[in-house]
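Remarks on the structure that follows.
The values are calculated or read from the model by the stated rules, or taken from the named source; none is laboratory data. Every value quoted in this text rests on a predicted model; they were computed, and no experiment measured them. Ideal geometry is used to build each Cβ from the backbone, glycine not excepted, and the neighbour counts take in all protein chains shown. These area figures cover heavy atoms from the full protein model, side chains too; ligands, DNA and RNA do not enter into them. Shrake-Rupley method; radii C 1.70, N 1.55, O 1.52, S 1.80 Å.
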Amino acid sequence: MKHDLEEWITEAIMADTPVIIVEGHDDIQFYERLIIDMEKDAVVEAVENIEGYNEGSDGVINCIKDLQQKFDERDENKKYILGIIDRDARFYRNEIPDYLGLLILKFYSFESHFITQRNLIELIPNLTYVSNRHVDVKTINYIEDELYKRDFVDLYYFSLEALKNSCEREYTGIVSYSDEAGSIFSEGYKPILSEKIYAKKNELDEFAISKGITYGDLKYIAKGKWILHVFSKYLTSKIKQLKDACENNDINKCNFCLTGVNHKCLWKVKGNFQHGHVSNIITNYIDETEIKYIKDRFKLLA
């Protein structure tokens with residue numbers, strides 16, 4: 001049974017339990033984990049479960065818009081209601097809503113917060129036999145090198161193409177944010193799309209300049225599911241190369257390889273794993289430096 005918004009918020013205030021309204025099914029676990037970690041009592045609910053509202057950012061915006069009167073009635077009500085939306089492409093269309101009780105993420109979407117070096121360091125011991133202390137600067141540089149020189153560069157131009165398609169009504173893009181990551185970054189389809197997108201590289205660079213975008217802004221323009229897919233797929237392959245990298249002294253050499261017992265290399269993977277497995281592990285980590293601003297906003301709730 002769906003919530004009646006007015007009754008639900010009134011109950012939340014009376015029960016002294018804040019309500020956090022999110023875009024949909026995928027978001028709930030992420031925010032509930034933050035709430036639990038803070039030992040805070042709050043309810044996280046998808047906006048589609050409220051009568052009269054559809055899933056997605058527009059649903060959350062409309063819901064919070066309709067609650068502005070609640071904030072006017074009593075300033076204390078701000079402590080009991082919070083809507084959260086992805087920043088997505090609206091920032092570059094100058095369509096950022098300005099409502100009390102609305103938190104807009106700083107990156108394109110919540111999945112982008114998982115793409116950090118800290119989470120990479122946490123991931124490796126889950127898939128190999130090393131501990132965190134083995135993952136030094138030399139190892140990180142080896143792992144990330146091609147990611148930032150190749151895969152994320154491709155993602156950057158795919159994202160620019162999707163953003164231009166989203167911002168310019170008359171523009172017909174080769175890709176759009178509605179495209180599934182598994183499709184456009186598949187081994188069979190990505191080379192075809194890449195050729196077409198890179199043929200427009202100069203045009204996309206000009207568009208980036210007009211919007212004040214640089215390669216360093218990747219997490220602001222790449223759809224969260226896209227960047228998580230590319231990151232996870234790259235690591236699925238790269239981590240399986242670490243044993244050879246250890247033998248070749250490309251990374252921090254383990255003691256077994258130093259003594260010539262290469263078959264016991266600590267960088268050897270524990271078993272075969274696929275892209276989906278890596279993606280699931282990464283999303284189990286929370287990098288506190290990335291989500292501090294979200295927790296800081298939660299602290300303002302009752």
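Of all residues in the range 43-75, how many are in a helix (DSSP H, G or I), in contact with a helix residue (DSSP H, G or I) (Cβ under 8 Å, 6 or more places away or on another chain), farther than 18 Å from Ala302 by Cβ and not β-branched (Val, Ile, Thr)? Give the steps one after another, and end with the answer.
Restricting attention to the range 43-75, the residues satisfying the condition of being in a helix (DSSP H, G or I) are 47-49, 57-66, 68-73, 75.
Those still in the list that are in contact with a helix residue (DSSP H, G or I) (Cβ under 8 Å, 6 or more places away or on another chain) too: 47-48, 57, 59-60, 63, 66, 70-71.
Filter once more, so that each one left must be farther than 18 Å from Ala302 by Cβ: 47-48, 57, 59-60, 63, 66.
This time we only want the ones that are not β-branched (Val, Ile, Thr), so: 48, 57, 59, 63, 66.
Number satisfying all stated conditions: 5.
Within the range 106-142, count every residue that is closer than 16 Å to Asp287 by Cβ, among the hydrophobic types (A, V, I, L, M, F, W, C) and part of a helix (DSSP H, G or I).
The total comes to 7.
Quick check on my filter: what residues within the range 185-212 are of a type in the set (A, V, I, L, M) and in contact (Cβ under 8 Å) with a residue 40 or more places away in the chain? Can you show your working first?
We begin by selecting, within the range 185-212, every residue of a type in the set (A, V, I, L, M); these are 192-193, 197, 199, 204, 208-209.
Selection gives Ile197, Leu204, Ala208.
Please return the ranges of helices (runs of 4 or more DSSP H) entirely within the range 239-302 where 3 or more residues are under 30 Å from Asn77 (Cα atoms) and modelled with pLDDT of 95 or more. If you could, list the steps in order and put the result at the bottom.
On the way: elements: 242-247, 255-258, 275-282, 288-298.
It comes to 288-298.
Under 6 Å between Cβ atoms, which residue pairs at least 6 apart in sequence (or on different chains) link something in the range 161-178 that is of a type outside the set (Ser, Thr, Tyr) with a partner that is open to solvent by 50 Å² or more (accessible area, probe 1.4 Å)?
Glu161/Ile174; Cys167/Arg93; Ile174/Lys196
Taking the range 219-234, which residues are open to solvent by 10 Å² or more (accessible area, probe 1.4 Å), assigned to a helix (DSSP H, G or I) and under 18 Å from Arg90 (Cβ atoms)?
If the condition is that a residue be open to solvent by 10 Å² or more (accessible area, probe 1.4 Å), assigned to a helix (DSSP H, G or I) and under 18 Å from Arg90 (Cβ atoms), then Lys219, Tyr220, Lys225 are the ones that fit.
Please pick out the residue among Lys40, Lys78 that is outside any helix (DSSP H, G or I), closer than 15 Å to Leu300 by Cβ and among the charged types (D, E, K, R). So that I can check it myself, show each step before the final result.
Numbers: Lys78 fails: outside any helix (DSSP H, G or I).
Of Lys40, Lys78, the one residue that is outside any helix (DSSP H, G or I), closer than 15 Å to Leu300 by Cβ and among the charged types (D, E, K, R) is Lys40.
Is at least one residue of the range 263-271 loosely packed, with under 12 Cβ neighbours inside 10 Å and within 28 Å of Gly182 (Cβ to Cβ)? Don't jump to the end; show me each part of the working.
The first filter runs over the range 263-271 and keeps only residues loosely packed, with under 12 Cβ neighbours inside 10 Å, leaving 263, 270-271.
This time we only want the ones that are within 28 Å of Gly182 (Cβ to Cβ), so: 270-271.
Yes: one or more hits.
Has the range 106-118 got any residue that is more than 20 Å from the chain's Cα centre (by Cα), open to solvent by 20 Å² or more (accessible area, probe 1.4 Å) and either of a type in the set (S, T, N, Q) or at pLDDT below 95 (or both)? Don't jump to the end; show me each part of the working.
Pass one, the range 106-118, residues more than 20 Å from the chain's Cα centre (by Cα): none.
No: the range 106-118 contains no residue that is more than 20 Å from the chain's Cα centre (by Cα), open to solvent by 20 Å² or more (accessible area, probe 1.4 Å) and either of a type in the set (S, T, N, Q) or at pLDDT below 95 (or both).
Scan the range 122-145 for residues that are touching a helix residue (DSSP H, G or I) at 6+ places or on another chain (Cβ under 7 Å) and crowded, with 19+ Cβ neighbours inside 10 Å and report the count.
Of the residues in that region, 7 qualify.
Has the range 30-44 got at least one residue that is open to solvent by 50 Å² or more (accessible area, probe 1.4 Å), out of contact with any Lys or Arg (no Cβ under 6 Å at 6 or more places or on another chain) and farther than 23 Å from Glu288 by Cα?
Within the range 30-44, none of the residues are open to solvent by 50 Å² or more (accessible area, probe 1.4 Å), out of contact with any Lys or Arg (no Cβ under 6 Å at 6 or more places or on another chain) and farther than 23 Å from Glu288 by Cα.
Please work out if Ser237 is closer than 30 Å to Asn249 by Cα and either in contact with a helix residue (DSSP H, G or I) (Cβ under 9 Å, 6 or more places away or on another chain) or surrounded by fewer than 19 Cβ atoms within 10 Å (Cβ to Cβ) (or both). Working first, answer last.
On the way: closer than 30 Å to Asn249 by Cα: yes; either in contact with a helix residue (DSSP H, G or I) (Cβ under 9 Å, 6 or more places away or on another chain) or surrounded by fewer than 19 Cβ atoms within 10 Å (Cβ to Cβ) (or both): yes.
Here the answer is yes, as Ser237 does meet what is asked.
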